[in-house]
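Beneath this line is the structure, given in structure tokens, with notes to follow.
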Amino acid sequence: MEKLNKLYEGKAKEVYKTSDPNCLIVSYKDDATAFNGEKKGTISGKGAINNQLTNHFMQMLEKNNIPTHFVKEISKNETLVKKVKIIPLEVIVRNLAAGSFSKRYGVEEGTRLKKPSLEFSLKNDDLGDPLINTYHILSIGLATEFEIERIEKYAFKINSLLREYLLKFDVELVDFKLEFGKTPDGKIILADEISPDTCRFWDTHTHEKLDKDRFRRDLGGEKEAYFEMLKRIIGK
Ligand code: ADP
Ligand code: UDP
């Protein structure tokens with residue numbers, strides 16, 4: 001598969017066209033951003049770790065009947081994926097209260113939720129990714145009722161599969177963000193990434209943070225946290 005011109009450069013990844021019109025190459029960067037790009041930095045090795053962890057998780061999900069964009073890992077930080085039309089929604093699933101949920105609802109960080117919860121944000125940096133409900137999604141025409149149902153079903157299934165999987169490595173899945181896309185034949189599949197950039201991972205026993213919150217909150221040890229996740233899950 002030949003890598004062609006760059007189509008897009010985002011905050012964490014670059015996206016390239018390939019000689020196959022149905023596939024793209026995503027290249028993960030070491031750049032780290034937070035607060036909608038206001039805070040910038042570099043976490044050396046992050047790109048390769050996020051690429052490998054994402055691919056590992058997506059292959060586990062595929063084995064459990066979740067369709068994903070994963071095709072093939074090409075190098076430490078590059079992967080061939082199915083090209084999709086991204087549905088411009090951030091799908092956020094939570095098991096424990098943290099971050100914006102804790103702030104918005106006054107629920108102490110670390111409180112176990114009585115039931116996993118799900119919310120949507122509109123994926124739009126200029127608007128600051130505002131919360132959006134299903135009525136709004138339907139009114140604007142971002143997705144159909146059927147598609148929303150599918151996305152919610154997949155998101156909760158991914159949550160239970162990933163939560164259980166991570167517990168074997170003493171990692172608590174606090175919350176995470178997913179993106180879904182549509183294939184040319186109209187199927188909804190999981191796209192983008194599943195990594196310490198997009199998930200909150202806590203050590204089950206100590207509640208030590210093993211994710212991007214170390215960078216967001218200036219806790220230090222962000223590089224070590226990413227390497228620790230790689231070591232626990234992939235063993236490198
Ligand atoms: P952002 O755009 O938020 O800065 P990234 O730096 O991660 O994010 O850029 C990757 C971009 O690629 C995102 O806009 C994401 O929605 C998009 N993307 C992820 N997977 C696919 C895919 N399979 N097909 C098309 N676009 C994708
Ligand atoms: N998240 C993400 N991208 C975003 C916003 C959130 O990947 O643009 C992830 C984040 O890593 C966390 C979950 O979604 O795992 C919930 O984030 P929250 O809404 O609490 O936002 P934050 O506190 O990060 O602003």
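Worth a mention:
- Carbon plus sulfur fraction of accessible area for the chain, probe 1.4 Å, in percent: 51 percent
- Mean separation of Cα pairs under 8 Å and 6 or more residues apart, divided by the residue count, gives the chain a relative contact order of 18 percent.
- Descending semi-axes in whole angstrom, ellipsoid equivalent of the chain, from the Cα gyration tensor: 25, 23, 18
- Extreme residue, positive dipole direction of the chain, given options Thr79, Ser27, Trp202 (C-beta unit charges): Thr79
- Excluding ligands, DNA and RNA, the accessible surface per residue across the stretch 48-171 is 54 Å² with a 1.4 Å probe.
- Cα centre as origin, Lys/Arg/Asp/Glu Cβ charges: the chain dipole, Debye: 280 debye
- For the chain, the longest site-free run once GluC sites (Glu not before Pro) in DSSP loop states with at most 13 other Cβ atoms within 10 Å are removed: 109-236
- When the pairs Lys85/Lys157; Lys17/Lys39; Lys209/Lys231 are compared against a 24 Å limit on Cα-Cα distance, Lys17/Lys39 fall above it.
- Computed magnitude of the charge dipole of the stretch 89-131 (debye, nearest 20; Cβ of K, R +1, Cβ of D, E -1): 360 debye
- Isotropic mean projected area of the C-alpha convex hull, the stretch 10-64 (nm²): 5.0 nm²
- Pairwise label distance in nanometres, Arg150 with Glu2, each label 7 Å out on the Cα-Cβ vector: 3.3 nm
- Zero-based 5 Å bins, Cα pair distances in the stretch 67-128, whole percents: 4, 14, 15, 15, 14, 15, 13, 8, 1
- Value of [θ]222 nm, deg cm²/dmol, for the chain, DSSP H segments ≥ 4, -39500 (n - 2.57) each, nearest 500: -9500 deg cm²/dmol
- A Cα-only calculation for the stretch 43-178 places Rg and Dmax at 16.0, 44 Å.
The values are calculated or read from the model by the stated rules, or taken from the named source; none is laboratory data. This structure is a prediction, so every number in the text was calculated from the model and none was measured. Ideal geometry is used to build each Cβ from the backbone, glycine not excepted, and the neighbour counts take in all protein chains shown. Each accessible area value is taken on the protein alone, full model and side chains, heavy atoms only, with ligands, DNA and RNA left out. Shrake-Rupley method; radii C 1.70, N 1.55, O 1.52, S 1.80 Å.
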